[in-house]
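Encoded as structure tokens, the structure appears first; notes follow it.
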Amino acid sequence: MNIHSENGSMRESVACNLLVGMEPGFKLLYIFGAGGHGRELAWLTSQIWGSKVALCFVVDDAFVGNRKVDDISVRPLSSAEPSTDSRFIVALGQGAARRRAAAKCDALGLLPTALIHPRVEMSARTRVAGGAVICAGSILTTNVSIGEHVHVNIGCTISHDVAIGDFSTLSPGVHISGHVHVGRDVFIGTGASIINGSAAEPLVIGDGAVIAAGACVTRSVDPGALMAGVPAIRKR
Ligand SMILES: CC(C)(COP(=O)(O)OP(=O)(O)OC[C@H]1O[C@@H](n2cnc3c(N)ncnc32)[C@H](O)[C@@H]1OP(=O)(O)O)[C@@H](O)C(=O)NCCC(=O)NCCS
């Protein structure tokens, strides 16, 4: 399982807490999606950079209309202009939708950024790839690798030697113990726990698996499986 980015590199990878308190290096953030998660990421961005970064929601052209959400303009994606002064983030909670939206932004030549809330704890040995979002109150310890466009929602804990593959989603309050490899496009529901693997035998969650809210995963999971309950059993 490739637990890093699809192009083999950690594009715009940042060393953990280097974003917080730093100059953003760009002036405008396009947030793809103007729903609840979009408003959350607008708030998150203001928590990191205050008014140094202007915000603009972008949506598929069919959904636009002249409107504002929380005083932020909503514009068609096709109007977004690639520039070294702008970045994008995708604010869609579902990994497959996030993947499609990111591909559209990439095709326009827009550059992704990562967003890491100032109240995230992480070691200098944790890596976060472009497009990833780490929300308030999460703790990522050491030798953790977060792939492209991964979303780690509020209050998650991720222990040592964990890798999360591109476009995977951790809902609020997910806990992942050490030596766990989460594949790509995995969805983990609110409050789920994944127990530890070992250096010799990491616990592996296969690509595209779904872990139900509140589940406790005690062993490796096949790609595409739906696991639920305590201990988690395969439902599909
Ligand atoms: C796992 C989940 C995605 C499955 O949804 P679904 O595809 O519609 O599946 P179903 O509701 O048909 O459930 C399939 C089976 O899993 C069981 N199941 C689903 N969620 C469960 C849960 N959280 N705990 C225990 N069992 C669960 C169902 O009872 C059903 O079991 P059965 O086949 O024995 O009757 C959904 O239940 C879930 O937990 N979502 C998490 C939502 C969340 O955390 N969102 C965060 C937003 S920020």
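Hey, what did segment 15-113 get for relative contact order, percent, Cα under 8 Å, at least 6 apart?
Computed value for segment 15-113: 30 percent relative contact order.
Ordered by packing density, taken as the mean number of other Cβ atoms within 10 Å over each peptide's residues, highest first, how do 142-149, 48-55, 124-131, 212-219 rank?
Per-residue mean Cβ counts within 10 Å order the peptides as 142-149, 124-131, 212-219, 48-55.
Through the Karplus equation 6.51 cos²θ - 1.76 cosθ + 1.60, θ set to phi - 60°, convert the phi angles of segment 216-224 into ³J(HN,Hα) values in whole Hz; use x for Gly and Pro.
Result, ordered by residue: 10, 8, 10, 8, 4, 10, 5, x, x Hz.
Amide H of R75 versus every other amide H placed in the peptide plane: which residues, excluding those fewer than 5 positions away on the same chain, fall under 5 Å?
The answer is F57, V58, V59.
Going 7 Å from the Cα of A107 toward and past its Cβ, which residues in segment 57-87 have a backbone nitrogen under 19 Å from where you end up?
58-64, 75-83
Using Cβ counts within 10 Å as a stand-in for footprinting exposure, how do L140, L115 rank, fewest first?
L115, L140
Give me D for segment 99-236 in µm² s⁻¹, whole number, from Stokes-Einstein with Rh from the Kirkwood sum over alpha-carbon pairs, 10 °C and 1.306 mPa s.
Value of D from the Cα-based Kirkwood radius: 108 µm²/s.
Can you give the FRET efficiency to the nearest 0.05 for S46 and E201, using r as the Cβ-Cβ distance and R₀ = 45 Å?
The pair S46/E201 has a calculated efficiency of 0.55.
Would you list F187, F57 from fewest to most Cβ contacts within 10 Å? Before the final figure, lay out the partial values.
Details: F187 20, F57 26.
Least to most surrounded, the residues fall as F187, F57.
Evaluate the relative contact order of the chain (contact order divided by residue number), counting alpha-carbon pairs under 8 angstrom at least 6 apart; express in whole percent.
Values: 693 pairs, mean separation 34.3, N = 236.
Relative contact order for the chain comes out at 15 percent.
Roughly how many Å is it from the Cα centre of segment 192-226 to that of segment 120-184, as a whole number?
Computed from Cα coordinates, the inter-centre distance equals 14 Å.
In bins 5 Å wide, starting from 0, what share of all Cα pairs of segment 25-113 does each bin hold, as a percent?
Per 5 Å bin, starting at zero, the Cα-Cα P(r) for segment 25-113 comes out as 3, 16, 28, 28, 19, 6, 0 percent.
Project the alpha carbons of segment 160-236 onto their principal axes and report the range along each, largest first, in whole Å.
Principal-axis extents of the Cα atoms in segment 160-236, largest first: 28, 24, 23 Å.
Among the DSSP beta bridges whose two residues both lie in the chain, what percent are antiparallel, rounded to the nearest 5?
For the chain, the DSSP antiparallel bridge percentage is about 15.
So for the chain, what percent of the C-alpha to C-alpha distances run longer than 27 Å?
30
Using only C-alpha atoms and all pairs of different ones, pull out the Kirkwood radius for segment 82-155 in Å with one decimal.
It works out to 12.8 Å.
Read-outs throughout are calculated quantities, based only on the coordinates presented, and are distinct from any laboratory measurement. It should be emphasised that the depicted structure is a prediction, and the values quoted were computed from it without experimental measurement. As a convention, Cβ positions derive from the backbone with ideal geometry for all residues, glycine included, and neighbour counts pool all protein chains shown.
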